[in-house]
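*Asks:* Quick one: the structure is below, questions incoming.
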Amino acid sequence: METDPQRSALIGRGEAPIHEPGLDPLLRQGIDAGTLKVTTQLESVLTDHKVLVLAVGTPSLPDGRTDLRALDAVAAGLAEHAEAGTVVVIKSTVPPGTGRRMERQLGGDARNLRVVSCPEFLREGSAIADIAHSDRFVVGGSDEAAVSRVVRLLNPFNVPVVRSGNTEAELIKYGANAFLAMKISFINEIANLCDHVDANIDDVAAGMGMDARIGAASLRAGLGFGGSCFPKDVVALEHAARSEGFTFWMLRAAMEVNEQQRIRFVQKIRVALGSSLEGRRIAMLGLAFKPGTDDMRQAPSLVIAERLVELGATVVAHDPAAMSAAKLLLPQVTFAADPYSAMEGADLVALVTEWPEYLDIDWQRAASMVRRRVVVDGRNCLNQANLAAQGFNYHGIGRPPETEQWDRRETAQLAGSAADPT
Ligand code: UDX
């Protein structure tokens, strides 16, 4: 059930309303086989179905609370229409206590309506591949039969199952996302320190990540976390703690560092230009909050582009997938059809999203197009030596000018993707 008629029509034709690699063919497959049907009518899905999966949006309200209106609307429909024995699965990320409360509201034992909390951990841009390779399948609820049914139905790849109560399942999701967000803020702070002491974050992160207790994942320093999950979930968990009467200091710090990371980047651009931004032309490569998606929610590009324009610069941006979405949010930015057109006449190239196509840029060609050869790499994804060979002045996040000559690929291979310097 999709409330928006336009999105519903798209899905009905087997077209995903979002950019997610591999999703369109899967939708088409389901529609052709008759296993996937789409409707805009809530009532029609509430009756007639034994398992209902709730995947509605749960955005943050301005005060940090989670907006549960979409979930409450479904709960109201369920209270009225759902048949005895129905299992309600909450996939949406919801504050601790929501699942239990919903089961009580729906009548629980008396009506034999069960709520099973089953958070998802898929990443945008690699969601399809993640399904089969998830680290775990978390499922929380008080009724054994309902929980087993959900495992049978929604864990077809038999990834390891973590069984808990509803509230524990909800907290596993928040805890995991908040921890990863803290990890990213932590490595960003180490990178900021690297900038001050002329150390290279690639080496530091690789060495830290090889400690199995730390792990190499989510140790890439850059512009901080964005997207629909980390920022919202950190805020929501901090709010949940506050409403229980205590301050979750580490989450506050993670959020603060994340905001500062965008500001620092603008500062880096100012320093790299060595002058005011007034009248400067800046090529911005990447707009989406991460590669592989057109999602602009909490994308660092939004704050960065706005600030650069405020400071008098002209921003010419490119993104392989997010330009339609970005045009609505950044009216003051000019958009280019490809990265080279964006770089034409630029005083500085700012890399904001590490799309694979940007890793293949022909910097020799770019060198002949820009006005000044300056690159500020917000994702530490470009090859510093290649750029220097084309006369570019390179600035990363915690990457001092290259002086040491060893081959970093070797450590990167040992450490996994976190330290990949290419
Ligand atoms: C995240 C969680 O990973 C996933 O489990 C949950 O279901 C939804 O939220 P997603 O938002 O798609 O997934 O992206 P993820 O790849 O985790 O990255 C989140 C943000 O952190 C992005 O802005 C990314 O650029 C940033 N990030 C990630 C870093 O800055 N450094 C890293 O090392 C990893």
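The values are calculated or read from the model by the stated rules, or taken from the named source; none is laboratory data. Keep in mind that what you see is a predicted model, and the values were worked out from it rather than measured. Glycine gets a Cβ as well: all are built from the backbone with ideal geometry, and neighbour counts include every protein chain shown. When the accessible area is computed, the model is the full protein with side chains, heavy atoms only, and any ligands, DNA or RNA have been set aside. Shrake-Rupley method; radii C 1.70, N 1.55, O 1.52, S 1.80 Å.
*Asks:* Leaving ligands, DNA and RNA out of it, rank Val271, Val333 by accessible area with a 1.4 Å probe, largest first.
*Replies:* Details: Val271 100, Val333 10 Å².
Sorted by accessible area, descending: Val271, Val333.
*Asks:* What relative contact order, as a whole-number percentage, does the chain give when Cα pairs under 8 Å and 6 or more residues apart are counted?
*Replies:* Numbers: 795 pairs, mean separation 55.4, N = 422.
Once divided by the residue count of the chain, the mean separation gives 13 percent.
*Asks:* In Å³ and rounded to a whole number, note down the convex hull volume per residue for the Cα atoms of segment 192-319.
*Replies:* 142 Å³
*Asks:* Okay, moving on. Run down the lysines and flag those whose C-alpha is under 29 Å from the C-alpha of Lys232, throwing out any fewer than 8 positions away in its chain.
*Replies:* Lys91, Lys173, Lys183, Lys268, Lys290, Lys327
*Asks:* State, to one decimal in nm², a quarter of the convex hull surface area for the C-alpha atoms of segment 146-259, i.e. the direction-averaged projected area.
*Replies:* Seen from a random direction, the Cα hull of segment 146-259 projects 9.4 nm² on average.
*Asks:* Largest first and in whole Å, give the semi-axes of segment 42-164's equivalent ellipsoid, each being the square root of 5 times a Cα gyration tensor eigenvalue.
*Replies:* After scaling each eigenvalue by five and taking roots: 23, 19, 13 Å.
*Asks:* If you don't mind, there's one more thing I want to ask. Could you go through segment 268-283 in sequence order and give the Karplus-derived ³J(HN,Hα) for each residue, using 6.51 cos²θ - 1.76 cosθ + 1.60 with θ = phi - 60°, rounded to whole Hz, and x for Gly and Pro?
*Replies:* With the stated coefficients, segment 268-283 comes to 4, 4, 4, 5, 5, 7, x, 7, 6, 8, 3, x, 7, 10, 10, 8 Hz.
*Asks:* Relative to 2.2 N^0.38 Å, what does the C-alpha radius of gyration of the chain come to as a ratio? Two decimals please.
*Replies:* 1.08
*Asks:* Sticking with this one: Compute the length gained on full extension between Asn386 and Arg163: take 0.36 nm times their separation in residues and subtract their Cα-Cα distance, giving the result in nm to one decimal.
*Replies:* Values: separation 223, 0.36 × 223 = 80.28 nm, distance 4.96 nm.
Gain in length upon complete extension: 75.3 nm.
*Asks:* Oh, and also: Counting only protein chains, not ligands or nucleic acids, how are Glu80, Glu124 ordered by accessible area (probe 1.4 Å), most first?
*Replies:* Of Glu80, Glu124, the descending order of accessible area is Glu80, Glu124.
*Asks:* If I compute solvent accessible area with a 1.4 Å probe over the protein chains, what percent of it on the chain is carbon and sulfur?
*Replies:* 53 percent
*Asks:* Rolling a 1.4 angstrom probe over the protein chains, ignoring ligands and nucleic acids, what is the accessible area of Leu308 in square angstrom, nearest 10?
*Replies:* 0 Å²
*Asks:* Per residue and in cubic angstrom, what volume does the convex hull of the Cα atoms of segment 271-395 have?
*Replies:* About 89 Å³ per residue, rounded to a whole number.
*Asks:* Additional query: Given the whole protein assembly as supplied and a 1.4 Å probe, what does the accessible area of Asp360 come to in Å², nearest 10?
*Replies:* We get 120 Å² for Asp360.
*Asks:* I would also like to ask the following. Cβ neighbours within 10 Å, averaged per peptide: list 309-315, 298-304 in order, most packed at the top.
*Replies:* 298-304, 309-315
*Asks:* Run the 1.4 Å probe and let me know the accessible area of His49, rounded to the nearest 10 Å².
*Replies:* My reading of the accessible area for His49 is about 80 Å².
*Asks:* Among the DSSP beta bridges whose two residues both lie in segment 42-164, what percent are antiparallel, rounded to the nearest 5? Display every interim value, and only then the final one.
*Replies:* Details: 2 of 14 bridges.
About 15 percent, rounded to the nearest 5.
*Asks:* With both partners inside the chain, how many of the DSSP beta bridges are antiparallel, as a percent to the nearest 5?
*Replies:* 5 percent
*Asks:* Accessible area, 1.4 Å probe, largest first: how do Leu154, Leu113, Leu68 sort?
*Replies:* Leu154, Leu68, Leu113
*Asks:* In segment 109-213, what is the volume of the convex hull around the alpha carbon atoms, normalised per residue and reported in Å³?
*Replies:* Considering the Cα atoms of segment 109-213, their hull volume per residue is 129 Å³.
*Asks:* Of Leu10, Leu61, Ala79, whose Cα points farthest to the positive end of the dipole of segment 1-143 (charges on the beta-carbon: +1 Lys, Arg; -1 Asp, Glu; origin at the Cα centre)?
*Replies:* Checked the options; the winner is Ala79.
*Asks:* Still on this structure, please answer the following. Hey, could you get me the Stokes-Einstein D for segment 24-70, Kirkwood radius over alpha-carbon pairs, 37 °C and 0.692 mPa s, rounded to whole µm² s⁻¹?
*Replies:* Calculated translational D: 244 µm²/s.
*Asks:* Sticking with this structure for a sec: Per residue, how much accessible surface does the chain expose to a 1.4 Å probe? Answer in Å², no decimals. Each step should come with its number before you reach the end.
*Replies:* Working: 20290 Å² over 422 residues.
Dividing the accessible area of the chain by its residue count gives 48 Å².
*Asks:* Next question, about the same structure. Check which residues have an amide H placed less than 5 Å from Ala350's amide H, if you skip close sequence neighbours.
*Replies:* Placed amide hydrogens put Ala283, Met284, Leu285, Val376 under 5 Å from Ala350.
*Asks:* Next question, about the same structure. Quick one: which residues, 5 or more positions from Ser164 or on another chain, have an amide H under 5 Å from its amide H? H modelled 1.01 Å from N in the peptide plane, none for Pro or chain starts.
*Replies:* For Ser164, whose amide H was placed from the backbone, the distant partners under 5 Å are Val139, Gly140, Gly141.
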